[in-house]
Amino acid sequence: MSNKKKIVEMEIESVNMELPDTKTLRFKWPEDYGVEFKTGQFITVYWPDSPKYKRAYSLSSCALDDGYFEVTVKRDGKMGTRVVDWAEAGHSMFVIPPTGRFLPVFDPPGKHLICVAGGSGVTPFRGFVREAARRKLDTKITILYSVRTTEDIIFNHEFRELEKANPNFKFLVTCTRLGEDDPWPGRRGRISAEWVNEQIGNIDDTYFYACGPNALVENTEKLIREQMGVPKEQMKTEKWG
Ligand SMILES: Cc1cc2nc3c(=O)[nH]c(=O)nc-3n(C[C@H](O)[C@H](O)[C@H](O)COP(=O)(O)OP(=O)(O)OC[C@H]3O[C@@H](n4cnc5c(N)ncnc54)[C@H](O)[C@@H]3O)c2cc1C
């Protein structure tokens, strides 16, 4: 069997708490792993003691990151809780190689990717932004990120730094459940067609992405496809429960 298709046990090289309930795991590739994959795809993982319980996680690293995969997991459900509360550097998990069609359109150049995310749905967009920055692409990327409160913004610092360094990248956040007395000066409320519309320059050069919990992705798809009339070739979705 070629390495491309092989399920391998990988060591967790390092872990990083992004938020109190969100952890990034870095899986170290074994020697001669030789995998082919694309930014935006997901891996499927399971613990050696529970091989039947497999779960998918989008890569939060990108295809130019050589030697490792990163995934960023929120404490939610059985696998999410086990990973966030128990996974440590030195543990290992089985990894099914990346697959999926939630891919950034980088070619032809000059496109605008409007990326709508809710909660942990922001993870693959970190990969998009990373690849675009490393390759110095002129692709515009705008992330529209819906979170409950300012405490829930995953990759906040990293995205703010990237935004400063790259005029083609914008990271826009809306908070849905902030108290009225909270000093957050940014946007509040759910993602709306008006907010999405404000980001669009030339609609023909724009691709729309939506990622995260089912309800957010389905609502976003409705407003972009039905209310705004965007053809399906210009929209990609990735949903999880
Ligand atoms: C392509 C893809 C990519 C994904 N990428 C990511 C990612 O990057 N990051 C990420 O964090 N997740 C991601 N997910 C989701 C991930 O695969 C898991 O589903 C998630 O971590 C939850 O773990 P679980 O399925 O074991 O939860 P389960 O234990 O099966 O629970 C599923 C859901 O039901 C809820 N639930 C469970 N028990 C109860 C109960 N008694 N009452 C009410 N609610 C309950 C849980 O809170 C959870 O929301 C992705 C999913 C897909 C399909």
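A quick yes/no check of all residues on (1) surrounded by 16 or more Cβ atoms within 10 Å (Cβ to Cβ); (2) at positive phi; (3) not in a loop (DSSP other than H, G, I, E, B):
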| residue | (1), (2), (3) |
| --- | --- |
| TRP184 | no, no, no |
| ILE191 | yes, no, no |
| PHE208 | yes, no, yes |
| GLU226 | no, no, yes |
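Conditions (1) β-branched (Val, Ile, Thr); (2) under 13 Å from the mean Cα position of the chain (by Cα); (3) under 26 Å from GLU218 (Cα atoms), marked per residue:
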| site | (1), (2), (3) |
| --- | --- |
| THR139 | yes, no, yes |
| ASP152 | no, no, yes |
| PHE155 | no, yes, yes |
| PHE159 | no, yes, yes |
| PRO167 | no, no, no |
| LYS170 | no, no, yes |
| GLY179 | no, no, no |
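Residues in the stretch 228-241 that are surrounded by fewer than 18 Cβ atoms within 10 Å (Cβ to Cβ), more than 16 Å from the ligand (Cβ to nearest atom) and assigned to a loop (DSSP other than H, G, I, E, B): MET228, GLY229, PRO231. The residues of the stretch 216-241 that are of a type outside the set (Val, Ile, Thr) and closer than 18 Å to PRO124 by Cα, listed by number, are LEU216, GLU218, GLU221, GLN234, MET235, LYS236, GLU238, LYS239, TRP240, GLY241. Residue-level check: of (1) assigned by TED's automatic domain parsing to the domain that holds ASP205; (2) surrounded by fewer than 12 Cβ atoms within 10 Å (Cβ to Cβ); (3) not charged (D, E, K, R), ILE143 misses just (2).
Residues that are more than 9 Å from the ligand (Cβ to nearest atom) and in a strand (DSSP E or B) within the stretch 46-60 comprise just one, TYR46. Selection over the stretch 64-103 of residues that are part of a helix (DSSP H, G or I), near the ligand (Cβ under 9 Å from one of its atoms) and of a type in the set (D, E, K, R) gives a count of 2.
Checked against (1) surrounded by fewer than 17 Cβ atoms within 10 Å (Cβ to Cβ); (2) closer than 27 Å to GLY110 by Cβ; (3) within 16 Å of the ligand (Cβ to nearest atom), VAL217 passes all but a single condition, namely (1). Considering the conditions (1) of a type in the set (D, E, K, R); (2) in a loop (DSSP other than H, G, I, E, B); (3) modelled with pLDDT of 95 or more, ASP32 is excluded by exactly one of them, (3).
Just to be sure before I move on: is GLY121 assigned by TED's automatic domain parsing to the domain that holds TYR46 and either part of a loop (DSSP other than H, G, I, E, B) or within 12 Å of the ligand (Cβ to nearest atom) (or both) in the structure I sent? Judged against the criteria, GLY121 is not a match. Being surrounded by 15 or more Cβ atoms within 10 Å (Cβ to Cβ), out of contact with any strand residue (DSSP E or B) (no Cβ under 9 Å at 6 or more places or on another chain) and of a type outside the set (D, E, K, R) is the requirement here; does LEU162 meet it? So LEU162 fails the test. With respect to ARG75, determine if the residue is touching an Asp or Glu at 6+ places or on another chain (Cβ under 9 Å) and of a type in the set (D, E, K, R). So ARG75 fits the description; yes.
Pull up the stretch 124-159, narrow it to residues that are assigned to a helix (DSSP H, G or I), more than 12 Å from the ligand (Cβ to nearest atom) and among the charged types (D, E, K, R), then point me to the one that is farthest from THR99 (Cα to Cα). Selected residue: GLU151.
The values are calculated or read from the model by the stated rules, or taken from the named source; none is laboratory data. Please read these numbers as outputs of a predicted model, since none were measured by experiment. Neighbour counts are summed over all protein chains in view; Cβ atoms, including those assigned to glycine, are modelled from backbone coordinates with ideal geometry.
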